[in-house]
Amino acid sequence: MNRAERWLFTTALNICVVPMAALGIIFGCLPDRIPIVLLGQTVAETTSKYNDLSLCLFMLIPLGMLILSTVLRHKKLIDRNYLSVTVSTMLIASVFTGVLLYSFARQSEIYEYARSIDFSTFVCVLLCIALSFIGTLMYGLKPNEAMGFRNRHTAAAEEVWTKTHDTLSFICNGVFAALAGLLSFFRGWHVVVIVVAAAILFVFAVVPIVSVGCHKSYDKKTAREKVGEETA
């Protein structure tokens, strides 16, 4: 994948997560029983807000399409179709988001649900999405003094550096995009703690593990090449 496709993937990934994040934030401020809105009109019947959780299953459809197409593109099994699949997932997710926000806005107009939105959760969701985008900056990053994770493993060879940062880029995209969707269903200060803990674990646990693994893989590769040259 080139850098343009990586940015496209990150954008589509977070757009696919937005409907779930919106549902989680809305879910937290709704009462147990909510009115049913049909064609913009509120009817007398009410339903349990927990029935809305079934929407998460439909939201997984565009996300699954995106992940599958990205894996196939990474393995160079598809080329031209990747752009159309990615754009399609963004359109589907955008429709989901629009329907959710319209329904909530229509109900909030009458029942003032919006006043009970937990803004700490809202801010944490935005922060996770921002961190997911920041992860894309690591893809294809060349050794330099200003950016990147520098340790004895990534400094061993440029190939180790590049592979480490490419791997970390995908992990950062996936982990923080997933947190944006999941944490939206929680409220309170502990949401902030989870985001901070995830960032710390990424830097002090995930980065060393990935760099060691990439260094070992590089050493095995160079050893096999050396044996091949001696045999020849």
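Values in this text are rule-based calculations from the coordinates and carry no lab data. Every value quoted in this text rests on a predicted model; they were computed, and no experiment measured them. Neighbour counts run over all protein chains shown; Cβ positions are idealised from the backbone, glycine included.
Peptides 200-206, 151-157 ranked from most to least packed by the mean count of surrounding Cβ atoms within 10 Å: 151-157, 200-206. For the listed peptides 181-187, 73-79, 118-124, 86-92, a ranking on the average number of other beta carbons within 10 Å per residue, highest first, reads 181-187, 86-92, 118-124, 73-79. When both segment 156-217 and segment 77-105 are represented by their alpha-carbon centers, they are found 25 Å apart. For segment 176-222, a Kirkwood hydrodynamic radius built from all Cα pairs, placed in the Stokes-Einstein relation at 10 °C and 1.306 mPa s, yields a translational diffusion coefficient of 126 µm²/s.
Here the simple spin-label model places points 7 Å from the Cα toward Cβ, and for residue 1 and residue 78 these points are separated by 1.3 nm.
One chain, two ends: residue 171 and residue 68. Fully extended at 0.36 nm per residue, the span grows by 35.5 nm beyond their Cα-Cα distance.
Report note on the peptides 211-221, 136-146, 62-72: ranked by the mean count of other C-beta atoms within 10 Å, highest first, their order is 62-72, 211-221, 136-146.
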